[in-house]
Amino acid sequence: MSGGKDAKQDPAYGVDVLRWWVGNHASDNENVIVAKHVLSDCHNEVLKLRNTLRFCLGSLQDFSHEAHLCSYQDLLPLDQFMLHLLYDFNAKVTSRYEDLQYNHACSQLLNFVVNEASSLYFQAVKDRLYCDPSNSLTRRSCQTVLSHTLNVLSRLIAPLLPHLCEEVFLHHPESQWAKSGVFRRKWECLPNEWQQEHFEKLKEPLWKLRDAINKFAGTSSKEHDVIVSAEHNILRKLQTEDVAIRSGLTDILQVASVRFVGSQGLQQAKGNSTSKIFTLDDGLQITVQPTTYILCDRCRRHVSKQLGQLCNRCAEVLEERQLLLQAC
């Protein structure tokens, strides 16, 4: 716990890493494995949890529950979808704790943090967090969900990593919560309205669509447009428009635009020599092709119509800021 003489060879991991090792490896096994590489893996897993909590805290530095919290009905569809995932995740981990299956609780905590939170939702809302007007509904909507995510994660992680979660509450943006600490809060039941059947049906086709685009475009996905067969209306839960450069669907897929077309429009798109056509397991047909939009120098997304010009959103934000400065 305090490390050895050589800090590089035998680093001090602290109590939380040892508690994570006990929960993950020593709570449900007759043969308990402990070695340097096992403790090192535990340390890296705790760092992933810590970085996720830190992102939430940093994103809430100008957020007040009393002034900025959005009701469920006012949230954007993508944010409502994340609350559905959070509701399901909370129920599963709570059940594992009740059954004393701490190793399964550790696995589900890590899986949610790495997949649903960090690589999916956090990546999808960074554009809104950093580039939308600071007090806009779109930004306050995702901050509301990040606040809920921080509180649920802190409560679920606390039995395993008490020092980390107390540290989180010491820096919590809500002063009354910072004073009380995580262990003086009740084990809350999440609102039932967070659980929506249509979002559950959306998960599988959305994961398949995202995986297919990532395999084809990789890190250059933002330079591509996606054309989707309009028959798959379940995807419209995240995008009601036929064509959009900013929607829950474009944010999750990390693409320039998403367009819904009928079968005839899909056949026309197939004629493009630069297009890549996919037919997924459930019959969902998509076409991925290079975008005609141009990179915006402010938000770094391919959503501008002319070279050297900002996109409409970024131009409006900067104009609004300039007017505020002049008023001061």
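Before moving on, here are some points about what is shown:
- Contacts under 8 angstrom Cβ, first residue in the range 33-53 being more than 17 Å from Leu150 (Cα to Cα), partner modelled with pLDDT of 90 or more and β-branched (Val, Ile, Thr), 6 or more apart: Leu39/Val17; Cys42/Val17; His43/Val17
- Qualifying position, being aliphatic (A, V, I, L, M), at pLDDT 95 or above and touching a Leu at 6+ places or on another chain (Cβ under 8 Å), among Leu75, Leu47: Leu75
- The set of residues from the range 167-186 being crowded, with 17+ Cβ neighbours inside 10 Å and in contact with a Cys (Cβ under 9 Å, 6 or more places away or on another chain) comprises Val168, Val182.
- If the condition is being assigned to a helix (DSSP H, G or I) and farther than 19 Å from Arg155 by Cα, then the range 75-114 contributes Pro77, Leu78, Asp79, Gln80, Phe81.
- Looking only at residues in the range 187-206 that are surrounded by 15 or more Cβ atoms within 10 Å (Cβ to Cβ) and not hydrophobic (A, V, I, L, M, F, W, C), the one that is farthest from Met82 (Cα to Cα) is Pro205.
- Figure legend. Inter-residue proximity from the range 228-254: first residues over 18 Å from Val125 (Cα atoms), second residues part of a strand (DSSP E or B) and at pLDDT 90 or above, beta-carbon distance below 6 Å, spacing 6+ or different chains. Indicated pairs: Val228/Phe260; Ala230/Phe260; Asp242/Phe260; Val243/Arg259.
- None of Ser136, Ser95, Ser119 is within 12 Å of the chain's Cα centre (by Cα) and loosely packed, with under 15 Cβ neighbours inside 10 Å except Ser119.
- The residues on offer are Ala244, Ala256, and the sole one that is over 22 Å from Tyr87 (Cα atoms), among the small types (Gly, Ala, Ser) and surrounded by fewer than 18 Cβ atoms within 10 Å (Cβ to Cβ) is Ala244.
- Selection over the range 158-191 of residues that are more than 27 Å from Gln61 (Cβ to Cβ) and without any contact (Cβ under 8 Å) to a residue 12 or more places away in the chain gives a count of 1.
- Residue under evaluation Asn135, criteria (1) within 19 Å of Arg300 (Cβ to Cβ); (2) among the polar types (S, T, N, Q); (3) part of a loop (DSSP other than H, G, I, E, B), criterion not met: (1)
- Here Ser304 meets the list (1) among the small types (Gly, Ala, Ser); (2) under 26 Å from Gln123 (Cα atoms); (3) surrounded by fewer than 16 Cβ atoms within 10 Å (Cβ to Cβ) almost entirely, failing just condition (3).
- Matching option when the condition is in contact (Cβ under 8 Å) with a residue 24 or more places away in the chain and touching a His at 6+ places or on another chain (Cβ under 6 Å), among Arg155, Arg140: Arg140
- Residue among Asn151, Asn135, Asn115, Asn111 that is farther than 24 Å from Glu98 by Cβ and assigned by the TED database to the domain that holds Trp21: Asn135
The values are calculated or read from the model by the stated rules, or taken from the named source; none is laboratory data. Quantities reported herein were computed from a predicted structural model and do not represent experimental measurements. No Cβ is skipped: glycine too gets one built from the backbone with ideal geometry, and neighbour counts run over all protein chains shown.
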